[in-house]
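The values are calculated or read from the model by the stated rules, or taken from the named source; none is laboratory data. This is a predicted model, so every value here is computed, not measured. Virtual Cβ from ideal backbone geometry, glycine too; neighbours counted across all protein chains shown. Heads up: the accessible areas ignore ligands, DNA and RNA and are worked out on the full protein's heavy atoms, side chains in. Shrake-Rupley method; radii C 1.70, N 1.55, O 1.52, S 1.80 Å.
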Amino acid sequence: MTAATRRLPGIRFEAEGPPPLAVLPRMDMAVFVGFAASGPIDVPVAIEDPAQFESLFGRDATLFWDERTGAEVRAYLAPAVRAFFRNGGRRCFVVRVAGPKAVASSFAVPGLAARGPAGPPSAPLLRARSEGSWSDDLRVSSALVESPLATTGIDVGSWKLELAPLPSAALGPGDLVRVSLRAAGYVVYAVVAEVDGLTAHCDPATALWLARRRPRQHATGSASFVDVRNVRQTGGVRVEAEPSSPAGERVRLVLTTRAADVPAPGSLLVANVAGEQLLVAVGTAEVERAGSAHGVGTVELVGEAFWPVDAPARTFAPDPFATVEVCTFELWTEHGETRSRLPGLGFAPTHPRYAGALPTDAELFAGRAAAPLLEVPPPLWALAAEPRFPLAAPADDAGVLYPLGMGALPERSLGAIRADGTPLERDGLVTFDASLFLDSRLATSGAEALLAQVEFIRLGNEPPLRGLHAALALDEATIVAAPDAVQRPWTFLPPRTASRPRRRHPHWRRPNFEPCGRLHPPSLSATVPDDAGSFVLRWSGHDAPAAFVLQEARDAQFADVTELYRGPQTHLSVFGRDRGALYYRVRIERPGEVGPWSTPVTVEIVTAPGWRTAADDGFDDTTLVAVQAAALRASAARGDLFALLSLPGHYRESLALAHTRALRGALAGGEERALGYGALHHPWPTTTDADDPTAFRSAPPDGTIAGVMARRTLDRGAWIAPANEPLRDVIALDPPIDRAALQALQDAQLNILRREPHGFLVLSADTLSDDLDVRAINVRRLLALLRRAAVLHGTRYVFEPNDDALRRRIQRGFEDLLGLMFRLGAFAGATASQAFRVDVGDPPNTAQSIDVGRLIVELKVAPSLPLRFLTVRLIERAERGLQLESR
């Protein structure tokens, strides 16, 4: 028996046997919105495995060190993505969110100079590929690649190079050539404009002339001081330098500067000597004399000097010793244990691999999404995309780049030039509120008006959608989650004002009489602690040499006293004490005689600036409710999105119930329909930590549930409830839920993760809707699938005449589609007629409706609902035999 082929507009399947799910619209694509260490901000990026996520967005992003708990506070975006793939997800979108003040670090490249259309050479600063503090420990090095070019003639007057018909370096437009005129004592760089046969024409505007030897008028002693700009410092730090005895192309500078501003080897210094410019590529830097109280000292620098000069106004005789090389270079980066290399980079904007065109993450992925499908990305972009290179072009047009002092090996490296502010400020996460997750243009919009505003933004010349609302522009997306919305809000803890140590405590009283015996109490004092918690204790005694005993305590009454010193000296340096108050006292001891304690001294260690989160009892869920309500509105507006919601990790039964009431209250007043487009899951699953396989970490269940939902959709269909399915890689739940409260939580339509004999799973699949017809998650997802199918296949009929033939064709097409879904188990009923119906007649298409050019198709379906998942307990009692209980 041969299988008959049936056709539906846009799909094809065999009638014999179960048709594949691939013919239906995809419903497994999730969008995760949250905090990441790196990556583009507010740009959706398609991710297909955890390794791809880590290469672009980094590992678990550390937000800050909590001053209250003494532990790291980390983002939940990365754990959610890992859990999604572990539980069966195949592809998702990730949207990194941050505030507008996020900034990227800058990097000077060893031996790299730049010159724009006008102006002297300078040192260009490349940027980190994305904003944030992730690149603080990144280091950059470079290597010059020189390829000899065979020539038969060099005319620097008209800038022509006559090429020899011999095998040599390839030459093309955009290449940088270096011409060494040894007889005249010049080295000149220029960019090739075009190659005509065996003649290369260079652009004279790009020519950079360098004198190989220092001009006589600038001999040692002619200039008293030289202004030097250290380009590695933010904004440039001007210091004064004194040249002394250069030898050939090497120069020695003696700088008077702060220790923090000492140029590192590999830095390029731009100096002004008697009105002329000098470029120095620092080779070594050695501090000669210690700094003063303000940190100013003398530093000796030895490096390679370059003297840019104007083009000589004369012609040059043929130089048999002149050489020409084609120059390219490599960028090397080192980030922890990861080293990256980008070879074959060019120096000119016309070069196909111009280093000044390296894309940022935002340019790479936003441009990839906006570009036509047939457009080929630039060669450099493709080279830097996989694996993702950590550097991008300068913020401003760098012009032509030149290798001045760049070595053949990447021996010298330079670190990041960090912007001002704490890491969290540079990450753009100073303030935790709903504005991090929502587009301000849509934050207060209701579900009914949301799509119209989105369309206005998309068609107008406005910035793309931000944060969670970016999912509205992703046609493939059907699941959305913002796992970091459950974070505790944080505040900045400023340092306390340092004060001199206190000598008296209210609980201590000096006696109004002299102590018995011959020994008197010493006089104890302390210096002000420094930032590292170090200080010096000093005491004095008026008695004959004896042993001093010094004690330290954290308790004001010296209940936890520790003997810190015993001996004859009268001072002690204390190093690296933790923050807080410390108490000290000292006394004199002699054989057979013990003196009284001194007046205690309190030393307060200044609290360093830092960030802290609210305690459990001080948690404010305003941000969480606002973000989750916006997610439900956005899902309802699209009609085919489903929001996965979670609760903070410390929420127990009463707080969980209170949160559902708050969320319903936020959508009261006509927006209750949106409650059917999302579901709450609690508590948090505990899995192995990504950074330490021997440790464990709890995270919101968003990623786990999204993975289960995606896997069930791919295997059996979107109409299958994501419940009663073992959760993968889960070893515990946090916090534990009292079984006595399960009924109340289920009545509030919270889907509780539970530990059962066959694993960790969810035994309910409810939305927050009060409408029993659409309360089940699988019913909402089934309706979303029908909507997507109607949009996908309905567009074929837009320009057809509205007549009976069109309506019959539409009816047959949708009956074929619904019949397919019926055979796959999407609908209840013994026959197809009991499971669904397609109406295209009158009604709903009345004569008046047809006259105004409107066509209505009514799809009536009977969703298949899962049985309630019951816990059945068999109990064997001695007096009553076998007893069955269900709950």
Fill in: Coil-residue chymotrypsin sites (Phe, Trp or Tyr not before Pro) of segment 764-858, DSSP, other Cβ within 10 Å capped at 16
F799
Discussion item. 5 Å is the cut-off here: which amide hydrogens, built 1.01 Å from N in the peptide plane, fall below it relative to F64, excluding neighbours closer than 5 in sequence?
Written reply: V73
Worksheet item: Could you give the length gained on full extension between K860 and Q746, defined as 0.36 nm per residue of separation minus the Cα-Cα distance, in nm?
Response: 38.1 nm
Worksheet item: So, in nm, how far is label D137 from label K160 when the simple model puts each one 7 Å beyond its Cα toward the Cβ?
Response: 5.8 nm
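Output the relative contact order of segment 48-111, whole-number percent, from Cα pairs under 8 angstrom with separation of 6+ residues.
Dividing the mean separation by the residue count of segment 48-111 yields 29 percent.
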Worksheet item: If you count, for each residue, the other Cβ atoms within 10 Å and average over each peptide, how do 24-32, 437-445, 739-747, 409-417 line up from highest to lowest?
Response: 24-32, 437-445, 409-417, 739-747
Fill in: Percentage, to the nearest whole number, of Cα pairs in segment 544-644 over 19 Å apart
65 percent
Worksheet item: Which value, in Å to one decimal place, does the Kirkwood hydrodynamic radius take for segment 661-706 when every pair of different Cα atoms is included?
Response: 13.1 Å
Item to complete: Rounded to whole Hz and in sequence order, give me ³J(HN,Hα) for segment 461-467 from the Karplus expression 6.51 cos²θ - 1.76 cosθ + 1.60, θ = phi - 60°, writing x for Gly and Pro.
Response: 8, 10, x, x, 5, 10, x
Practice prompt. With a ≥ b ≥ c taken as the square roots of the eigenvalues of the C-alpha gyration tensor of segment 766-868, please select rounded if a/c is under 1.5 and otherwise prolate if a/b is larger than b/c or oblate if it is not?
Written response: prolate
Response to the item:
Over segment 121-161, with neighbouring protein chains present, the accessible area per residue in Å² at probe 1.4 Å is 36 Å²
Worksheet entry | Estimated FRET transfer efficiency when R0 is 45 angstrom, pair R90-T422 (beta carbons, to 0.05) | 0.70
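Between A264 and R590, 0.36 nm times their residue separation minus their Cα-Cα distance comes to what?
Gain on stretching A264 to R590: 111.8 nm.
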Fill in: Given charges at beta-carbon only (K, R positive; D, E negative), |dipole| of segment 625-735 in Debye
440 debye
Worksheet entry | Burial ranking of peptide ranges 786-796, 622-632, 845-855 (average Cβ count within 10 Å, highest at the top) | 622-632, 786-796, 845-855
Fill in: Simple label model, 7 Å out from Cα along Cβ direction - D319 to S534, nm
5.5 nm
Worksheet entry | Burial ranking of peptide ranges 192-198, 560-566, 448-454, 470-476 (average Cβ count within 10 Å, highest at the top) | 470-476, 448-454, 192-198, 560-566
Worksheet item: Between D771 and D203, what is the spin-label point distance in nm, taking each point 7 Å from the Cα along the Cα→C-beta axis?
Response: 6.3 nm
Item to complete: Please report the relative contact order for segment 721-857, taking Cα pairs under 8 Å with a sequence separation of at least 6, and give it as a percent rounded to a whole number.
Response: 16 percent
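Taking a ≥ b ≥ c as the square roots of the Cα gyration tensor eigenvalues, with a/c under 1.5 meaning rounded and otherwise prolate when a/b beats b/c, else oblate, which class fits segment 645-786?
Oblate is the answer for segment 645-786, as a/c is 1.5 or above yet b/c matches or exceeds a/b.
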Practice prompt. Report Rg/Rh for segment 604-714, rounded to two decimals, where Rg is the Cα radius of gyration and Rh the Kirkwood radius.
Written response: 1.06
Worksheet item: When the chain is fully extended, how far beyond the present Cα-Cα distance does R755 get from R339, taking 0.36 nm per residue of separation?
Response: 145.4 nm
